[in-house]
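The values are calculated or read from the model by the stated rules, or taken from the named source; none is laboratory data. These numbers come from a predicted model, not from an experiment. Reconstructed Cβ throughout: ideal geometry from the backbone, glycine too, with neighbour counts over all protein chains shown.
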Ligand code: G6P
């Protein structure tokens, strides 16, 4: 939520700032701003409401060639999306400027304290409090140092003093007028990375802006403060002073963050799924032992055999993949599994014995509630695992072990390829845990053979695109949709409904197909289509009865079914066929038409598919 960028080096700062903000726009897009330093040493701050392109035209036309700058794209928390509330903000009497991600919970009391010291507030944001607080700490430092000029280390100490007074989360970048040769950056709970170029450094909320600019990356951790100059990076920790920092190779290339031939990131990412799934399974299927292989679980097979219960926790789409995981882990590994909303789990106090293993599932690795739930379980002494897409993210750093999705950067706010990769990771995990227990060699081999077919099956499923578009044209004007499925396809129904409501703003509800008799059937009329996810399988006949119940009440039916199912064409108004697969693979294949229908309906309704209203991709606030 919110995106930060920073540049210092021999180049023109605004070039990277604007491109970086464009790539981070998925994190928040209600207003944006940049701050650079003009030739007189004054801050040049430009802000606008709305999307980055309105800011870009203002900044691009300025003649400023500053070599230092920071920028921000905002998802409003404190105060509406106005120019005044947009970042960067000024601290003290124009001595520093700051951009901030996260939420400061005690901002009211700090604001009162600072107002009593004559600091004036122009905005309603919590960020301005941080700006003035740092200015206040710098002022006290000057007062107590008998006129000794400040240096970078003194600024770091002042920042630490200021940050220690904050309750909440932050990722911040600061420029001081006195030091136009350095960006000061710090984080607690909101991600910040630093890209290393030649004679230049880049700061960003995640790695995507760095692609094409830097080859190496440093992931800042909580309680760290960095001093970034053109040719040097110094990181210190709140408690231990200057520390050495790990430099990693940047694994994102610019092709992965560009649209290419596609009109929207969401469509690009839907069509990337054959590749993203291949990358998720790469090197993880061991045919000789008929099992899966994971390099990062950091737990022995002996200990895994002792696991008696698994808890999967997540938010949003990742929570739906957790539901798929529950079916898979119970069916294939026969381990009792529960799925918890992370926002609930973190404040509940469920009895969890020593044999319980927690998996936090998250695309971004930054979702505040998922991180909160993971931390609470860790605090209680449980082993915690993550299934995560973003290397270096907070959850990836804090979990004891886990599985990376390797799905590549996901930029569209509505998650698609990360979802199918999460389902696949959970499938392979079920195979692995199953093979540690009762699952036979033959059964394991059969699963592997099926899993390996997935990329080509998804290629085939994607061929329904034109048909999904035609169906979307037919139903684009309705106000309500029902999505129904059972067993492995119940989470698919939930996910189909979520995709539609997120990006087209049509009300949609997902239900287990049989449960629809207990309420949702009251909504059925000629204007309310029901999407039945009903591939042939052991539950097919039962779902067919539910479908008939809807038809009997005049409700239009769109069915997602297996190729070769002729019966369905006689009863459903529209059918999208997907290639037949084993039960456990169904959720990955059947969700494809639902992603496409959501996409096309949203486009037809003129919605901003990649940046739906009110949403953000990475929800770093509670
Ligand atoms: C937000 C996004 C969803 C996402 C959810 C969880 O709500 O809009 O698309 O599923 O956060 O995100 P995570 O990164 O933890 O998977």
Residue among 362, 367 that is in contact (Cβ under 8 Å) with a residue 40 or more places away in the chain, within 30 Å of residue 275 (Cβ to Cβ) and touching a strand residue (DSSP E or B) at 6+ places or on another chain (Cβ under 6 Å): 362
For segment 246-277, enumerate the residues that are crowded, with 16+ Cβ neighbours inside 10 Å, touching a helix residue (DSSP H, G or I) at 6+ places or on another chain (Cβ under 8 Å), modelled with pLDDT of 85 or more and part of a helix (DSSP H, G or I). 265, 266, 267, 269, 270, 271, 273, 274, 276, 277
Hey, residue 143 outside any strand (DSSP E or B) and closer than 27 Å to residue 227 by Cβ or not: yes
Has segment 245-264 got any residue that is within 16 Å of the ligand (Cβ to nearest atom) and more than 30 Å from residue 335 (Cα to Cα)? yes
Quick one: which residue in 152, 201, 232 is farther than 21 Å from residue 394 by Cα, out of contact with any helix residue (DSSP H, G or I) (no Cβ under 9 Å at 6 or more places or on another chain) and buried (at least 24 other Cβ atoms within 10 Å of the Cβ)? 201
Answer residue from segment 565-622, given it is within 29 Å of residue 427 (Cβ to Cβ) and free of Cβ contacts under 8 Å to residues at least 24 places away in the same chain and is surrounded by the fewest Cβ atoms within 10 Å (Cβ to Cβ) among those: 567
For segment 8-32, enumerate the residues that are outside any helix (DSSP H, G or I) and either under 18 Å from residue 197 (Cα atoms) or modelled with pLDDT under 90 (or both). 8, 9, 10, 11, 12, 28, 29, 30
